[in-house]
Amino acid sequence: MNIILLGPPGAGKGTQAKRLEERYGLVQLATGDMLRAERASGSDLGKKVQAIMDAGRLVSDDIMIDLIASRIGKAGKGFILDGFPRTVPQAEALDAMLAQKGLKLDRVIEISVDEAALIDRLAGRFTCVKCGASYHDINNRPKHEGVCDVCGSKEFLRRADDKPEAVKTRFEAYRAQTAPILPYYRDKGILTQVDGMADIDHVTRQISGVMDKIRG
């Protein structure tokens, strides 16, 4: 099974991708992780990526396609793309590359969310500096105020890009660039939406239901 997870920042794509990896034996292809790994590898492609990122430029679509193509060969049971494609030209380039390899996308799953509610959800997030345990101002506070439930640390961190104004900017970029690819996949008949505002386990069950139908 080869799938794409789509959704705005904070929709839970990374969390759900990890669960799908474990349940179905798929390989998660998260573009950010791939770029960092390739950069650290010292390969020719990695050196090219490093030079581009060090210069503060965006990695080109061609390089991203090459990077994904190199990883797909290691995805025996299939892959989950997280973070790519972001534009219609990228979606078209991905389709062309897969076709050359005799592959195709089985499903594109959009994790649909309410923007205002998600901004509130993200704005309340904070994590333990020591162990990375996640908390929320309203939904998941530590049992003892100011003390991590897991490791007892008293140091916490809030991501700068989780601030309401930063989240709004990220949403605007998603609407402008990525949202237009939804009709592209809808016209191909492979787009499915799930309710991303449900609790994490319920979102997992929705996506698993879609995956199980693909497997037959």
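Here the mean projected area of the convex hull built on the C-alpha positions of the range 1-74 is 5.6 nm².
When both the range 65-121 and the range 11-36 are represented by their alpha-carbon centers, they are found 11 Å apart. Listed options for Rg/Rh (Cα atoms, Kirkwood Rh) are [x] 0.98; [y] 0.96; [z] 1.07. The value calculated from this structure is the one marked [x].
Membrane-span-like helices in the chain, defined purely by DSSP H runs whose alpha carbon atoms cover 24 Å or more axially and whose average Kyte-Doolittle hydropathy reaches -0.5, do not occur.
The Cβ shell under 14 Å around Pro164 holds other residues with a net charge of 0, Lys and Arg each +1, Asp and Glu each -1.
Note on Arg57, Arg71: ascending count of other Cβ atoms within 10 Å places them as Arg57, Arg71, the fewest first. Which Cys residues of the chain have no other Cys Cβ less than 4.7 Å away and so no disulfide-compatible partner by this rule? Singleton cysteines: none in the chain. Close amide H partners of Ala30, meaning residues 5 or more places away or on another chain with modelled amide H under 5 Å apart, are Asp82.
For the chain, adding -39500 (n - 2.57) for each run of n ≥ 4 DSSP H residues and dividing by the number of residues yields -14000 deg cm²/dmol at 222 nm. Amide H contacts of His136 (H built 1.01 Å from N, in plane; Pro and chain starts excluded): Phe126, Arg141 sit under 5 Å, all sequence-distant by 5 or more or on other chains.
Coordinate-derived values only; no laboratory data. Since the model is a prediction, treat every value here as computed from it, not as a measurement. Note that we place each Cβ from the backbone using ideal geometry, even for glycine, and neighbour counts take in every protein chain shown.
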